[in-house]
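Everything on this sheet refers to the single structure shown next.
The values are calculated or read from the model by the stated rules, or taken from the named source; none is laboratory data. Computed from a predicted structure; not experimentally measured. Note that each Cβ is placed from the backbone with ideal geometry, even for glycine, and that neighbours are counted across all protein chains shown.
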Amino acid sequence: MLTSSDFRFFLVLARSESLAAAARELDVTPSAVTQRLQELEHRVGVRLVVRSGRRLLLTDEGELLADRGRDITDEIAELSETLVARRGEVAGHLRVIAPLGFGRRYVAPVAAAFLAEHPAVTLDLTLSDRLGWFADTSWDVAVHIGETRPAGLAAQTLAPNRRLLCASPAFVERYGSPASPTALREFRCIALRENDEDVTMWRFTNAAGETSHVRIDPELASNDGDVVREWAIGGHGVVVRSEWSVADDVRAGRLVPLLEDYALPSADVLALMGPNKGRSARTSQLVAVLRDALTPTPWRA
């Protein structure tokens, strides 16, 4: 017979790249993970996991156990939460993911304040700039910034966020400003690689609604937004960055906006929720607290 502890163990294993990664999350030794997996496979009578090099792959039976296990653990958590809610209390575990820089600056303080307000809640915050690394059902709330997002997810807008083309005053003084989007091909450009988007295709729309697509050849690129921002401030090239990231630098004169008669596609801040996640009181309340914390929009204050 399978227990809720078995389901929780196997779900950690299912989302881990290796036995060592699962052991770290479970705070046990890799040998303990191997022993428990073997005992679980013996009880159910089928192979659940195979190793491919250093990676773990689920068998068909393992995929079935992981899928049904998520449903069952979610139902148990929902039942527990419903019973606790009858006492007027928000409780349970929240799994939240957010982009690195934005998560540090805006999400982490809200998470800490939320836990102080609701001591019966526990929260796991993972910061990553690659939302696609996470299975849809492995988290409760994903704070997402960008044009694209995984299909089939409920979304609520937390705050508006434009994208800005900018460079340092020293760069503009030395190289000038582009007169049009196509002129960017003659400028040193910096690319931020995030969210699996095509980051070398920059799209602009003028006041008449006409669009221009410019394929840049970046001389510098990184997956770290803070690194890209510092490169731009240091005069190393033209960059497209989210308004939330560079608004303070623009106000302080460390960066200057370029091509202000053109608009780049917006990248609003969204709260994404997987199927049925929005029914959780702790999930909906956290999203509401995040929205309140971002209203009025802090980077436009």
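Brief remarks follow.
- Among the residues of the range 178-199, the one identified as touching a residue at least 60 places away in the same chain (Cβ under 8 Å), surrounded by fewer than 16 Cβ atoms within 10 Å (Cβ to Cβ) and out of contact with any Gly (no Cβ under 6 Å at 6 or more places or on another chain) is 180.
- In the range 156-169, residue farthest from the chain's Cα centre (by Cα) [restricted to those that are surrounded by 14 or more Cβ atoms within 10 Å (Cβ to Cβ) and farther than 16 Å from residue 220 by Cβ]: 164
Yes/no matrix, rows are residues, columns are (1) in the same structural domain as residue 10 (by TED's automatic domain parsing); (2) modelled with pLDDT under 85; (3) in a loop (DSSP other than H, G, I, E, B):
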{"position": "56", "(1), (2), (3)": "yes, yes, no"}
{"position": "61", "(1), (2), (3)": "yes, no, no"}
{"position": "66", "(1), (2), (3)": "yes, no, no"}
{"position": "94", "(1), (2), (3)": "no, no, no"}
{"position": "106", "(1), (2), (3)": "no, no, no"}
{"position": "122", "(1), (2), (3)": "no, no, no"}
